[in-house]
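To keep things clear, I will list the structure first and then write my remarks on it.
The values are calculated or read from the model by the stated rules, or taken from the named source; none is laboratory data. It should be emphasised that the depicted structure is a prediction, and the values quoted were computed from it without experimental measurement. Glycine gets a Cβ as well: all are built from the backbone with ideal geometry, and neighbour counts include every protein chain shown.
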Protein chains: 2
Amino acid sequence: MQFELTKYFLAEIRSNIEANNSDFISNEIGNLHPADIADIIQHLSLEEGKIIFDLLEEEKAADALVELDEDYQEKFLDNLSIAEIAEQVDQLDSDDAADILGTLTEEEKDEALSQMQDKDLASEVIDLLKYDEDTAGGLMQSEYIQARSNWSVKRCVIELRRQAEDVEQVYTIYVVDDSDVLLGVLSLKRLLFAQPNAHISDLFLSKHIKYVKTNDDNEEVAEIMQKYDLVTIPVVDSLHKLVGRITIDDVLDVIQEEAEKDYQMASGITDNVEATTSIFKNIKSRLPWILIGILGGILSSLILKSYELEISINPILAFFIPLITATGGNVGVQSSAIVVQGLASNDFQFSGILKRVSKELIVGMIIGIICGGLVFIANYFMNSGDMLMGITIGLSIFIVVIIAAIFGTLVPLVLEKIKIDPALATGPFVTTSNDILGLSIYFLIAYLIYQ
Amino acid sequence: MQFELTKYFLAEIRSNIEANNSDFISNEIGNLHPADIADIIQHLSLEEGKIIFDLLEEEKAADALVELDEDYQEKFLDNLSIAEIAEQVDQLDSDDAADILGTLTEEEKDEALSQMQDKDLASEVIDLLKYDEDTAGGLMQSEYIQARSNWSVKRCVIELRRQAEDVEQVYTIYVVDDSDVLLGVLSLKRLLFAQPNAHISDLFLSKHIKYVKTNDDNEEVAEIMQKYDLVTIPVVDSLHKLVGRITIDDVLDVIQEEAEKDYQMASGITDNVEATTSIFKNIKSRLPWILIGILGGILSSLILKSYELEISINPILAFFIPLITATGGNVGVQSSAIVVQGLASNDFQFSGILKRVSKELIVGMIIGIICGGLVFIANYFMNSGDMLMGITIGLSIFIVVIIAAIFGTLVPLVLEKIKIDPALATGPFVTTSNDILGLSIYFLIAYLIYQ
């Protein structure tokens, strides 16, 4: 009953494409969910995908097109003529139509819009394309159900039946006044169970209604919908007129992308690198971070160069370089990650930087004592009781841990203040800085102890 | 119209609590959304929170309790008597009730269940508590709307009105046969617009219905709901009988936790560390990773110890230790992160390990040539044209980058195969291994070149 794409089924599809067996495609693939069809198409070549695509019913094809991964979709659209794209877009909801057209050049976009059959949809899409894609306006669709507060339930059901033809998923009805100003919401459940002669004005909720404005940030929309467990949210313009709605499935993508972005930053990748991403794009999204690391490494080597004499006299000093950099790096990244997650969930709203830093100072001191002690003991056995070296490395680790913890805490907080994504701090940037910081501390201590 | 928690409002709440002004609390706080009330309570002390809580309407209080952060909720529940907890749980949906009771000890749980007024709810909760919390059974609620396929629309509306009293959010009606076996789904929209004398059997969808089984994994549920843009999904037992439903808001938490878990692992934290997390728990979730790093650092120092003579003769070798470890670490983490994200989104379903590794090999070689070349040039200026050292470090970086890329790709793939969370690979584990690997390569090359 549930569809699962198997190697075997893929091979069957391929051989049927080769054999020009269009019945197989329309029956076996055409009946699947658009998301499953997109999944199949993505596992085939562009040519094979196009063959399947052309055999699907119009609406199914368009829905499958929307479900394709960004990278594959772009390539796929390149293979379609403007007329074909216009034909697809005609079948879509306004938000999906705007997303597809948004990937085209200005010229292609205008051409596709002019070739659309559904002129109402085209003008809705033109409106939607005006909004920044990272705002509520960029997420919303023009398909929603609205009722006037002075309607009776009976009239409402009749009017809504007409409206609902265009709207795939209906959960909530938005109640507006005569100038389309949002007054409140009415759940379909409440409408279904209401007396036919009751009035909408007696049924709808108007207090504490959640809505967003067209220029609200994507992430803000996600936060509100998540916080209040909303399945849809109405979007209003600056005059509080209802202009669209956002459904949870679109917001789900925002939430996931946001979380993935943090993870990518922490791993030193600037962009989403997928299995299908080209080698060039792969390198492009990785090289900047590696080069930061290389630059940091060269700076580190300059610091070490200034202690050349000490190292040649006492090469044991060099043995602990990786220990210092690794420990400083690990502690710093942890501290940054805690702050980044805290900022994302508004944990520090009122508790302030000082409280955060002092807590981190205590944590750093405890971890520092444990690690410093361990390293002191390890050195005792490794370097046959060289106490001076034990004190040098133990003390260095203790101080490096504390400094790394504080530094790792402060960097994302400062980035947030100057409106840079704090997740940047958990990536190679903070590791590199901690390498340099840690080595400077270590060799300074060694210099002071051994001089 | 939208609620926003401000420092000023918090101060006002505090002074009203102090002044015993219960009117303020029931009017100004009692009318807010439970999520907002939870937000307020979390910003106050447990005692202050309890005062607000006691002044809320029963249902509102229970809903706010559910919305509290895990850490705060646990502490808050500790302050409630079993009788108070039972009273709260009586107001909740079955899934929320099970979540709250799930945090108690076995004894407390049984006591609370026996003290519940709503015996039906109690027995539903007992059923739900049997399921592992990481499965569909652990996510689902017993409140849903079902219709028999042989009902007329008119009868259905009457029957549903009765059922719907218990069910907060109704979007989809599940259609079952006489033994409760799931036959299909019917959207509320379709029911609303149907003729009263039509039959459910003519209206409901039975093909390609998405459902999950009670023992399906959490993440699988999330994947299906996300893929097919579902707002709710029915849960069936092994006999295909309908036993519950899962709503998107619960799955949203799963998706976010999953994404956060990956990020935490990449940053070397085992648990969610929040601003309110105790210092002990904070250290507990960080120390294991740091100790892995320390252990790796000590191993590194043993490797370096075996090259003691080389370092004392040629201390320049030591200068590039941080460069080697940083570059290897950065490249390895990137490669792992790409694989981890690919695995999460099923990118490598059919493309295979070999293809992935060979692509990574090419990327590694190109990045290796760029970095090796840069370092060669940097060394030329730093160490006044020491060509031998330039070749050593340039060649080492080239090889370290390639090995780190391949190693970083293979580790998560192997972990996945042996059923360990591959995200583990992006944390300190892979960085530490790369440090050791990188240093071994570097000093081996140096040894071969200089001998």
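Here are the numbers:
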{"read-out": "Residue within the range A:58-68 that is among the acidic types (Asp, Glu), within 14 Å of another protein chain (Cβ to nearest Cβ) and touching a residue at least 60 places away in the same chain (Cβ under 8 Å) present", "value": "no"}
{"read-out": "A:Ile313, sole failed condition from (1) over 24 Å from the mean Cα position of the chain (by Cα); (2) modelled with pLDDT under 90; (3) buried (at least 24 other Cβ atoms within 10 Å of the Cβ)", "value": "(3)"}
{"read-out": "Any hit, the range B:187-199, residues being outside the structural domain of B:Asp90 (by TED's automatic domain parsing), part of a helix (DSSP H, G or I), in contact with a strand residue (DSSP E or B) (Cβ under 8 Å, 6 or more places away or on another chain) and surrounded by 15 or more Cβ atoms within 10 Å (Cβ to Cβ)", "value": "yes"}
{"read-out": "Residue selected from the range B:255-280 under the condition among the hydrophobic types (A, V, I, L, M, F, W, C) and surrounded by 20 or more Cβ atoms within 10 Å (Cβ to Cβ), by the criterion farthest from A:Tyr263 (Cα to Cα)", "value": "B:Ala275"}
{"read-out": "Residue satisfying condition, being at pLDDT 90 or above and under 17 Å from B:Val66 (Cβ atoms), within set B:Ile41, B:Ile51", "value": "B:Ile41"}
{"read-out": "Out of A:Asp99, A:Asp54, A:Asp93, sole residue that is within 12 Å of another protein chain (Cβ to nearest Cβ) and either in contact (Cβ under 8 Å) with a residue 40 or more places away in the chain or acidic (Asp, Glu) (or both)", "value": "A:Asp93"}
{"read-out": "Flag if A:Val175 is farther than 24 Å from A:Asp118 by Cβ and assigned to a strand (DSSP E or B)", "value": "yes"}
{"read-out": "Residue tally, condition touching a residue at least 60 places away in the same chain (Cβ under 8 Å), more than 7 Å from chain B (Cβ to nearest Cβ) and closer than 29 Å to B:Ile316 by Cα, over the range A:274-304", "value": "4"}
{"read-out": "Scope the range A:399-442; condition outside any helix (DSSP H, G or I) and either closer than 21 Å to B:Ala266 by Cβ or among the aromatic types (Phe, Trp, Tyr) (or both); matching residues", "value": "A:Ile420, A:Asp421, A:Gly427"}
{"read-out": "Segments classed as helices (runs of 4 or more DSSP H), wholly inside the range A:5-121, with at least 2 members that are under 26 Å from A:Asn282 (Cα atoms)", "value": "A:34-42, A:46-55, A:58-67, A:70-78, A:94-102"}
{"read-out": "Of all residues in the range A:169-189 being among the β-branched types (Val, Ile, Thr) and touching a Phe, Trp or Tyr at 6+ places or on another chain (Cβ under 9 Å), the one that is farthest from B:Val231 (Cα to Cα)", "value": "A:Val175"}
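The rows are residues; the columns are (1) under 17 Å from B:Thr426 (Cα atoms); (2) facing another protein chain (nearest Cβ under 9 Å); (3) in contact (Cβ under 8 Å) with a residue 40 or more places away in the chain; (4) crowded, with 18+ Cβ neighbours inside 10 Å.
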site	(1), (2), (3), (4)
B:Asn346	no, yes, no, no
B:Ile353	no, no, yes, no
B:Val363	no, yes, yes, yes
B:Leu374	no, yes, no, no
B:Ala378	no, yes, no, yes
B:Gly385	no, no, no, no
B:Ile391	no, no, yes, no
B:Ile397	no, yes, yes, yes
B:Val411	yes, no, yes, yes
